[in-house]
Amino acid sequence: MSVSFKNPRANHNFQGRTCSIVGVGSYVPERILTNAELEKMVDTSDDWITSRTGIKERRIAAANEFTSDLATKAAERAMKMAGVTAEQIDLIIVATLTPDMPFPSTACLVQRKLGALRATAFDMEAACSGFIYALEIGQQFVMSHTYETVLVIGAEKLSSIVNWKDRNTCVLFGDGAGAAILQHRENSHGLLTSVMGADGNKADLLSMPGGGSACPATPESVANGLHYLRMDGKETFKNAVNAMVSAANEAMRRCEIDITKIKCVIPHQANQRIISAVGERLNTTPEQLFVNLHKYGNTSAASVAIALDEAVSSGKITSGDLVLLVVFGAGLTWGAAVIKW
Ligand code: UT7
């Protein structure tokens, strides 16, 4: 797959105004679903799941716990770290492919739950790439002086669209949310660059065909399982590695740095073999690569957001470090961002 990037810029910096991540937070549901439990649900084994994906367990939201609940809890933690109150938030962007409902947006539901009633709010869908897309959008509002404080969230309740009888997919995904607060700060820290890409020609590799205008819910569509996530795993895998490597290299090129300058690479957590292949092609050391996939599985738009929070709270990232986020997902979509922490 050849990956090209439009509109390249060396640095995001609008008349000297930069955008920093001033707080991060994450939340995962309490319920842990282990590989051993999955062995009792479908024809699979801990050995297969571990060796083919690296996943040991994932979190599953309660029946009465929705994407907006996970998002709100992650947001509250990010707001606490940033020292930001709900009244200060100007904009809420929720990246998700599992909104509470088609409308109103999950962002509006989060706004209500937070009491952030001054904020405007909308959802953004770029599947597993959503958090980087949302960061880029939020950053544009901060740099253009439109908004002072932007809350960006990646949140998913993937357990609600997984076919629990399909071993090809049900072992892979989990629920969770991660959030970041964006503001301008008078220093050189912040989002240095981000790149995004998409290839709609490969839209069918990973999709949920039912429930939209093309295939509204009918008894037949539900009986045919069209409201479940489906994926061509092998093709998705190949495209993921190529796109993530290209996006990461392009982001570093725009910042005029190489991989040795990056303290921590946070890749989308979909499969340990994808992460290792990306790491190998980028020449990372094992210490540079952040992995929490074994605990959560693939949480789509929440994946790098949760990982960023864990990398910060565990002390793997400290002030001044360069961090590379790199993502890939349905669409196809992909992206990368370099952050000076
Ligand atoms: O977040 C968006 C991006 N997502 C990704 O990037 C995911 C990309 N894809 C993958 O991670 C991998 O392709 C999978 C983990 C989904 C699958 O791994 P694979 O090595 O590509 O396996 P496969 O699909 O080629 O399946 C190999 C075999 C098949 O059996 P046969 O046909 O060879 O007899 C599958 O039926 O493994 C079988 N299989 C399983 N066996 C036990 C598939 N799922 C399971 C399972 N347990 N859970």
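Counting alpha carbon pairs within less than 8 Å and at least 6 residues apart, what relative contact order, in whole percent, applies to the chain? Write down the numbers at each step before the final one.
Working: 834 pairs, mean separation 86.3, N = 341.
Relative contact order for the chain comes out at 25 percent.
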Under a 5 Å amide H to amide H cut-off, with H placed in plane at 1.01 Å, what residues pair with Val265 once short-range neighbours are removed? Leu289, Phe290, Leu324
Given the candidates Ala240, Ala198, Met208, the one whose Cα lies deepest towards the positive end of the charge dipole of the range 191-340, counting +1 at each Lys or Arg C-beta and -1 at each Asp or Glu C-beta, is Ala240
Cut-off 16 Å, label point 7 angstrom out along Cα-to-Cβ of Arg185: give me the residues of the range 65-93 whose amide nitrogen falls inside. 78-85
Starting from the residue with the highest accessible area, list Phe237, Phe173, Phe66 in decreasing order, probe 1.4 Å. Phe66, Phe237, Phe173
In straight Cα distance, which lysines are under 22 Å from Lys234, not counting same-chain residues fewer than 8 positions off? Lys56, Lys165, Lys202
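Among DSSP beta bridges lying fully in the range 20-188, give the percent that are antiparallel, nearest 5.
Numbers: 18 of 28 bridges.
That works out to approximately 65 percent antiparallel.
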Solvent-accessible area of Lys295, probe 1.4 Å, all protein chains present, reported in Å² to the nearest ten, please. 70
Find the Rg to Rh ratio for the chain, where Rh is the Kirkwood radius over alpha-carbon pairs and Rg uses the same atoms. 0.95
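Top to bottom by accessible area (1.4 Å), largest first, where do Glu57, Glu76 land? It would help to have the intermediate numbers written out before the result.
Values: Glu57 55, Glu76 90 Å².
Result of the area sort, largest leading: Glu76, Glu57.
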Cα lying deepest toward the dipole's positive end in the chain, options Thr106, Val84, Thr120, charges on Cβ: Val84
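Where does the charge balance sit around Ser129 when Lys and Arg score +1, Asp and Glu -1, over other residues with C-beta under 12 Å from its C-beta? Working shown, then result.
Values: positive: none; negative: Glu125, Glu136, Asp199.
Overall, the nearby charge balance is -3.
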Probe 1.4 Å, accessible area per residue of the range 191-340, Å²: 40
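How big is the antiparallel share of DSSP beta bridges in the chain, given as a percent to the nearest 5? Intermediate values should be presented prior to the final figure.
Details: 37 of 53 bridges.
The antiparallel proportion sits near 70 percent.
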Residue by residue, what Karplus-based ³J(HN,Hα) values in Hz, rounded to whole numbers, does the range 190-203 have, using 6.51, -1.76 and 1.60 with θ = phi - 60° and x for Gly and Pro? x, 6, 7, 7, 9, 10, 9, x, 8, 9, x, 5, 10, 4
For Thr193, Thr18, write out the residues from largest to smallest accessible area, computed with a 1.4 angstrom probe and no ligands counted. Thr18, Thr193
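The values are calculated or read from the model by the stated rules, or taken from the named source; none is laboratory data. If you're wondering where the values come from, they're calculated on a predicted model, not measured in any experiment. Cβ coordinates were reconstructed from backbone atoms using ideal geometry, including for glycine residues, and neighbour counts include every protein chain displayed. Note: areas computed on protein heavy atoms with side chains; ligands, DNA, RNA excluded. Shrake-Rupley method; radii C 1.70, N 1.55, O 1.52, S 1.80 Å.
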